[in-house]
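These notes are about the structure you will find just below.
The values are calculated or read from the model by the stated rules, or taken from the named source; none is laboratory data. Quick caveat, the model's predicted, so the values are computed rather than measured. Glycine gets a Cβ as well: all are built from the backbone with ideal geometry, and neighbour counts include every protein chain shown. When the accessible area is computed, the model is the full protein with side chains, heavy atoms only, and any ligands, DNA or RNA have been set aside. Shrake-Rupley method; radii C 1.70, N 1.55, O 1.52, S 1.80 Å.
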Amino acid sequence: MDIVAPKVEDYLRGLFATDGHPVAEEMERVAEERDFPIVGPLVGRMLELFARSVGARRILELGSGYGYSAYWFARAVEPGGEVHMTEGDPENQREALAYLERAGLADRVHSHVGDAIELMDRLEGEFDVIFCDIDKPAYPDAWRKARERLRPGGLYLCDNVLWSGRVADEGPAEGDGGVTDAIREHNALVAADADYDTTIVPLRDGVMVARRRLPR
């Protein structure tokens, strides 16, 4: 199921093409060749814009793959900022660091290999942005941890929250190992949290955007 009409996607891609950096374009080609899931240039541009809008200097990624979304976040934090990548596959992280080095962004990126939720416990302090793109059954637990680690005014962003529209189907999901139900649980938890203002942007596969409220 296409969340956005294909002709609209094509229009957006033409209007907001990748920034022309050859490294980002190479990463997109590799994703297509390997059938490797990345957020793509339209969502990538949006992630950078959201991060810049809150003046992000410290970002945590839960699930970084080979660094495509980190590329956009690293642009947003600029020199002196921090993007903490977490990834279970060390080879993906080596590849990510190589890409980001070539893009001139490696100076602001920190690589952590292991379980993303466990790694969050090892990192100190608050974050301006936390981006979630890990294995979907872990989404509810990721939110429970992340919601306490954002500064007031910070953003929680999460990819694939519409799951090709399956979250909107009636009744329990069957045959997918609980993935759809986990995403539904995650979405309901975030939407109901009184400490956050939340929406979902129905771009590509749906991006959750939740801002931690400022103290009154």
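Candidates in the range 75-107 are the residues that are open to solvent by 30 Å² or more (accessible area, probe 1.4 Å) and among the aliphatic types (A, V, I, L, M); of these, the one that is nearest to ILE59 (Cα to Cα) is LEU97.
Quick grid of which residues meet (1) surrounded by 16 or more Cβ atoms within 10 Å (Cβ to Cβ); (2) in contact (Cβ under 8 Å) with a residue 12 or more places away in the chain; (3) within 14 Å of the chain's Cα centre (by Cα):
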| position | (1), (2), (3) |
| --- | --- |
| ASP2 | no, no, no |
| PHE16 | no, yes, no |
| VAL30 | no, yes, no |
| ARG34 | no, no, no |
| PRO37 | no, yes, yes |
| GLY55 | no, yes, no |
| GLU61 | yes, yes, yes |
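Within the range 116-130, residues that are surrounded by 20 or more Cβ atoms within 10 Å (Cβ to Cβ) have Cβ atoms under 9 Å from residues that are among the hydroxyl-bearing types (Ser, Thr, Tyr) in these pairs: ALA116/SER64; ALA116/THR86; MET120/THR86; VAL129/TYR156; ILE130/TYR156, counting only partners at least 6 apart in sequence or on another chain. Looking only at the range 168-186, count how many residues are in a helix (DSSP H, G or I) and either closer than 16 Å to ILE130 by Cα or hydrophobic (A, V, I, L, M, F, W, C) (or both). The number of residues fulfilling the criteria is 5. The sole residue among GLY104, GLY125, GLY165, GLY154 that is of a type in the set (Gly, Ala, Ser) and in a strand (DSSP E or B) is GLY154. The residues in the range 135-179 that are hydroxyl-bearing (Ser, Thr, Tyr) and at pLDDT 95 or above can be counted, and the count is 2.
Do we find a residue being of a type in the set (A, V, I, L, M, F, W, C), part of a loop (DSSP other than H, G, I, E, B) and closer than 25 Å to ARG13 by Cβ anywhere in the range 187-210? Yes, that holds for at least one residue.
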